[in-house]
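Have a look at the structure below, then the notes.
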Amino acid sequence: MPLLGTFSDLDQITLAACCSHLFIDEAHHVRAATWNRIRSRFSGKPVLQFTATPYRNDGQHVDGKVIFNYPLRKAQENGYFKKIVLKELWDYMEPDQAVATAASEQLKTDLGSGLDHLVMARAANIAKAEYLKDIYDRVAPEFAPVVVHSDLKQQELQARLQQLYDRKSRIAICVAMFGEGFDFPELKIAALHDIHQSLAVTIQFTGRFTRVNQRVGDATIIVNRAVAEVDESVRELYAQGEGADWNKVLTKLTEGA
């Protein structure tokens, strides 16, 4: 959609005239001006929309008729989602170091169990990511932490991602990466140095850690509640406490939403 948004009005109209149907993935974005304008070019033609989070935090509705709903509960029953367990910390003095230490210890435990796991450490911005890089270099130098974000030049970004794919690194410190449409089943430990503020984004993010293959086990979400501020939409997730099975809570929250 961002690419199509750069087309002229005539080009968008011409493109739509050449197509019989429109299929939209991540359709919770359809209320955005660019998405809605492009969709309007297909007026009178069948439009099929797909989304894992069919609701928006701004209260605007994702329109259309629901013709198929595949609930999280069913996905769990069918084995598409691995278990997600919350590991809760309360450290007021050195919160980021506490999360980094817990994440690296969990990684060592998982690797010792024969699991091919990696850590994703989430930072809210690039400056925070670079700060975390110093901490992870001290806490877990054997796992060669790398920082990944969309402002990197493409060649450098691909080189750092390749380090993860080759397992030369097992810790990715990320800023707005590995989001929609990204599939990396071995990412199984989420170190949330900065917590998402909305339920929809939280679900998109945690969905990265539920992927299934033969070499991975259950996922672990690590968060320091001593400094974390969350809004009402995600408060119930973190209110479950240490060891909570997030899949059950997510099921309740997504069905309610």
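The values are calculated or read from the model by the stated rules, or taken from the named source; none is laboratory data. Because the structure is predicted, anything quoted here is derived from the model rather than measured. A quick note on method: Cβ atoms are made from the backbone with ideal geometry, for glycine too, and the neighbour counts reach across all protein chains shown. We work out accessible area using only protein heavy atoms, side chains counted, and drop any ligands, DNA or RNA first. Shrake-Rupley method; radii C 1.70, N 1.55, O 1.52, S 1.80 Å.
Within segment 119-157, being in contact with a Leu (Cβ under 9 Å, 6 or more places away or on another chain) and part of a helix (DSSP H, G or I) holds for one residue alone: Phe143. The set of residues in segment 90-99 being loosely packed, with under 13 Cβ neighbours inside 10 Å and not hydrophobic (A, V, I, L, M, F, W, C) consists of Tyr92, Glu94.
Tallying residues that are in contact with a helix residue (DSSP H, G or I) (Cβ under 9 Å, 6 or more places away or on another chain) and among the charged types (D, E, K, R) within segment 46-61 yields 1.
Yes/no per residue for (1) of a type in the set (A, V, I, L, M); (2) within 18 Å of Trp246 (Cα to Cα); (3) at pLDDT 95 or above; (4) surrounded by fewer than 15 Cβ atoms within 10 Å (Cβ to Cβ):
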{"residue": "Ile67", "(1), (2), (3), (4)": "yes, no, no, yes"}
{"residue": "Tyr70", "(1), (2), (3), (4)": "no, no, no, yes"}
{"residue": "Arg73", "(1), (2), (3), (4)": "no, yes, no, no"}
{"residue": "Lys82", "(1), (2), (3), (4)": "no, yes, no, no"}
{"residue": "Glu88", "(1), (2), (3), (4)": "no, yes, no, no"}
{"residue": "Thr101", "(1), (2), (3), (4)": "no, no, yes, no"}
{"residue": "Gln106", "(1), (2), (3), (4)": "no, yes, yes, no"}
{"residue": "Met120", "(1), (2), (3), (4)": "yes, yes, no, no"}
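Of Tyr131, Tyr136, all but one fail to be open to solvent by 10 Å² or more (accessible area, probe 1.4 Å), modelled with pLDDT of 90 or more and aromatic (Phe, Trp, Tyr); the exception is Tyr131.
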